[in-house]
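Asker: Okay, here's the structure, questions in a sec.
The values are calculated or read from the model by the stated rules, or taken from the named source; none is laboratory data. Only a predicted model underlies this, so the values are computations on that prediction, with no experimental measurement involved. Methodologically, a virtual Cβ is constructed for each residue, glycine included, from the backbone with ideal geometry; neighbour enumeration extends over all protein chains shown.
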């Protein structure tokens, strides 16, 4: 199994945490993983990018045209990083039911709404991860290297001493997995 995942957005959205949860799922499955983060401004609001490579990779950064999946936590960042997506790749974009780019395979979803409805508005990143396992995403060809159970196990490990935070996080993750509304897909 080899997979390259790029996460982009702005500081304060939990991009680094999301990358670490995905990496932890790979480690729990016994897969080699490399994570590299690029931070824009050293304060909240600057662009943050996380490169995750699962499998037998040597270099930490994803090459242009090689990402299997892009998670865009802020829709304005997707156009800046879409050139990393390979032709058969899938981009998930946090955007309320609107197509962000017409020339790629993209899945737009309102992760902010899902996180708010679960009373955990800071968990947009976890909602995005949950959407990766929802039927519309899978139907569009999105296949993570791991299962939703692997992600849940990684979340439990990450929040082992924070039971309340774990419960809130799992609520957002599971709500996003089963929610079908506020989503629009676009084929290349």
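Asker: Just to be sure, is residue 66 farther than 22 Å from residue 135 by Cβ, more than 12 Å from the chain's Cα centre (by Cα) and modelled with pLDDT of 95 or more? Give the steps one after another, and end with the answer.
Answerer: Details: farther than 22 Å from residue 135 by Cβ: yes; more than 12 Å from the chain's Cα centre (by Cα): yes; modelled with pLDDT of 95 or more: yes.
Yes, satisfied.
Asker: Right, next: So for the stretch 119-133 (the condition being at pLDDT below 85 and at positive phi), does at least one residue qualify?
Answerer: No, every residue in the stretch 119-133 fails to be at pLDDT below 85 and at positive phi.
Asker: Name every residue in the stretch 31-54 that is modelled with pLDDT of 95 or more and assigned to a loop (DSSP other than H, G, I, E, B), in order of residue number.
Answerer: 31, 32
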